[in-house]
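Visitor: Sending over a structure as structure tokens; questions will come in a sec.
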Amino acid sequence: MSYPPQRYVGDTGEISAVHRPVSVPPELRTPGGDTHYLATNASTGGEFGLYRVDMSPEATGPSTHFHKTISESFFILSGAIRLFDGARWTTATAGDFLYVPPGGLHAFRNESGEPASMLMLFAPGAPREGYFEGLAGLAELSDRQREEFFIEHDSYWVSPQTVESVAERGGWTRRDPGP
């Protein structure tokens, strides 16, 4: 494996780093918790999106879904978060990590009754801020508008019945994402 092609062609480097102090308030506050936009599609030039999600004790999370254009990774900072890797649910705690390649089934939720916090990384970067901010208005959308919203934001849902049915038949074929 080799490095990708050079993207910086200078010889001396440049001052271009961006620091975000922990004191910056979250960009999005909901009853389910706070979302901090640490590095967005816009701020990374499409490289990745990194978000800190602080889930309240009452928070749930999305049901089983997949993305066609992005990978998603989860790194647990504190508390206990249930992660679904397409085959089974596990309780993840501080330091645990889950990588989900494009097309990988996944879900997460906070069932602990306690606050929990995690980092979510999307690569390449996608405008997930519109997705996070749009979730609050889903109830006001028609079924067709809701479907269009999810497609626009690369979220494809799999019903619990489908997951259960496929699991009973031996499950999906697991694709090895490589090293």
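Visitor: Note down the net charge around residue 124, summing +1 for each Lys or Arg and -1 for each Asp or Glu among other residues with Cβ under 14 Å from its Cβ.
Guide: Spelling it out: positives minus negatives among the neighbours equals 0.
Visitor: Using the beta-carbon distance between residue 1 and residue 148 and R0 = 45 Å, what value does 1/(1 + (r/R0)^6) give for FRET efficiency, to the nearest 0.05?
Guide: Between residue 1 and residue 148 the formula returns 0.70.
Visitor: How much length would be gained if the chain were fully extended between residue 8 and residue 78, taking 0.36 nm per residue of separation minus their Cα-Cα distance, in nm to one decimal?
Guide: 21.6 nm
Visitor: By count of other Cβ within 10 Å, fewest leading, how are 163, 9 ordered?
Guide: 9, 163
Visitor: Right, next: Per q in 0.11, 0.17, 0.26 1/Å, what log10 I(q)/I(0) does a Debye calculation on the alpha-carbon atoms of segment 1-73 return?
Guide: After summing over all Cα pairs, the log10 values are -0.46, -0.91, -1.34.
Visitor: Based on the Kirkwood radius over alpha-carbon pairs, what is the Stokes-Einstein translational diffusion coefficient of the chain at 10 °C with 1.306 mPa s viscosity, in µm²/s?
Guide: Answer, rounded: 89 µm²/s.
Visitor: Return 108, 97, 75 ranked ascending by Cβ neighbour count within 10 Å, so the fewest neighbours appear first.
Guide: 97, 75, 108
Only the coordinates and a few stated rules stand behind these numbers; no lab work does. This structure is a prediction, so every number in the text was calculated from the model and none was measured. Note: ideal-geometry Cβ built from the backbone for every residue, glycine included; neighbour counts use all protein chains shown.
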